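Encoded as structure tokens, the structure appears first; notes follow it.
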Amino acid sequence: MEDGSQGARTVSSRDEARELLDEKRLEMRRGTWRGRQRGRLPFNHWADEWWSDWSADPHRSPNTLVMAESRLRNHVRPFLGDRPIERIGPADVRRWQAQLDGRVGYATVTQCRSLVRRIFEYATDEGAIEANPVGKVPPPKRRADPEIVFAEVKRRALTPEEAARLLACFPLFWWDHVTTLLGTGLRFGELAGLRRRRVHLTRSVPILEVGPTRYQAGRFGSGFKPRPKSDASIRQVPLAQVVVQLSAEEPAPSCHDTTSGARTRLPSPSSMIRSPTYVRPPYGPSKRCG
């Protein structure tokens, strides 16, 4: 400690120096002294350490891993990665947050800030730094949207006409899938992971139960999960009549007319609109892809 290798601080008197030395020795005996070496390690080292623990949770969604890894790689590591973590203060975090806020949206900024806060918290728990600098930087404020202020925000739901035009852009094989997505509001992974025993067409109000889901997460793998990302996503969804009818029909073995061998032609969007609240393909099960 006298040679400065174990951490040094400038003091104004010999008495303060003795008190500091006694304090450090006491911390070393108690096992709570941080030392300078771990604080000198770069932010990237602590990000890797935190990631190895955080990503090992078996209940962590693969898609969550994909998004977190992307945000770290694109928005966090380039700015903070090579700096010793003890040298990163609130001013550095404030500059990083301001630069990021000028390039990406509010949601991305807050998600990246959350990752950075967790990494600094991890380093604090491990004794590399005394305090988390993110806690001293106010979070970004959501900017007002004039469309919302003036009550001119566009609706997010499709009209039957828009849904019909969207449906006409898909091959026939996908029509039942897209109609089901439109009629239930399911995510694609929820529809892809749906099990037959979770669909109840004979109840007074037909429903399906959202449980297992399918995921595709790049290098983090693909497959089925027994449950969705959050408990709130485990739910019952009432089925519209068009979805009930599509679910009850038997699909055809191919997309070709079985009598002439010609490929079935997509009808025009207007011919698919049966009523203001009801969109249905005007072909029978004998000409629908299975």
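The values are calculated or read from the model by the stated rules, or taken from the named source; none is laboratory data. Given the structure is predicted, the values throughout are model-derived calculations rather than measurements. Virtual Cβ from ideal backbone geometry, glycine too; neighbours counted across all protein chains shown.
Looking only at the range 199-213, filter to residues that are surrounded by fewer than 15 Cβ atoms within 10 Å (Cβ to Cβ) and touching a Pro at 6+ places or on another chain (Cβ under 9 Å); which one of those is farthest from Ile234 (Cα to Cα)?
Once the filter is applied, the top-ranked residue is Val205.
Please specify each residue of the range 215-236 satisfying the condition of being crowded, with 16+ Cβ neighbours inside 10 Å and outside any loop (DSSP other than H, G, I, E, B).
Selection gives Tyr215, Phe220, Lys225.
Which residues, counting only those in the range 98-124, are more than 15 Å from Asn74 (Cα to Cα) and in contact with a Lys or Arg (Cβ under 7 Å, 6 or more places away or on another chain)?
Within the range 98-124, Tyr106 is the sole residue that qualifies.
Which one of these is farther than 13 Å from Phe43 by Cβ, assigned to a helix (DSSP H, G or I) and either acidic (Asp, Glu) or at pLDDT 95 or above (or both): Arg77, Arg71?
One residue alone meets the criteria, Arg71.
Would a scan of the range 185-200 turn up a residue that is assigned to a strand (DSSP E or B) and at pLDDT 80 or above?
Checked against the condition, which is being assigned to a strand (DSSP E or B) and at pLDDT 80 or above, the range 185-200 yields at least one hit.
Report, by residue number, each residue of the range 145-167 that is of a type in the set (Asp, Glu) and modelled with pLDDT under 70.
Across the range 145-167, the qualifying residues are Glu147, Glu152.
Please verify whether Ala240 is modelled with pLDDT under 80 and of a type in the set (Gly, Ala, Ser), treating the condition exactly as stated.
Answer is no for this residue.
Would you please name the residue that is surrounded by the most Cβ atoms within 10 Å (Cβ to Cβ), looking only at residues in the range 80-136 that are among the acidic types (Asp, Glu) and in a helix (DSSP H, G or I)?
Once the filter is applied, the top-ranked residue is Asp101.
Report the residue count in the range 74-115 for those that are of a type in the set (D, E, K, R) and over 20 Å from Gly39 (Cβ atoms).
5
On the basis of being more than 25 Å from Gly189 (Cα to Cα), in contact (Cβ under 8 Å) with a residue 60 or more places away in the chain, in the same structural domain as Glu49 (by TED's automatic domain parsing) and out of contact with any strand residue (DSSP E or B) (no Cβ under 8 Å at 6 or more places or on another chain), does Gly102 make the cut?
No.
Any idea how many residues of the range 82-96 are more than 28 Å from the chain's Cα centre (by Cα) and more than 19 Å from Asp125 (Cα to Cα)?
1
Among residues belonging to the range 1-56 that are assigned to a loop (DSSP other than H, G, I, E, B) and of a type in the set (A, V, I, L, M), point out the one that is modelled with the lowest pLDDT.
Among them, the one singled out is Met1.
Going by what's in this entry, would Leu65 be described as within 23 Å of Lys229 (Cβ to Cβ), of a type outside the set (D, E, K, R) and at pLDDT 95 or above?
no
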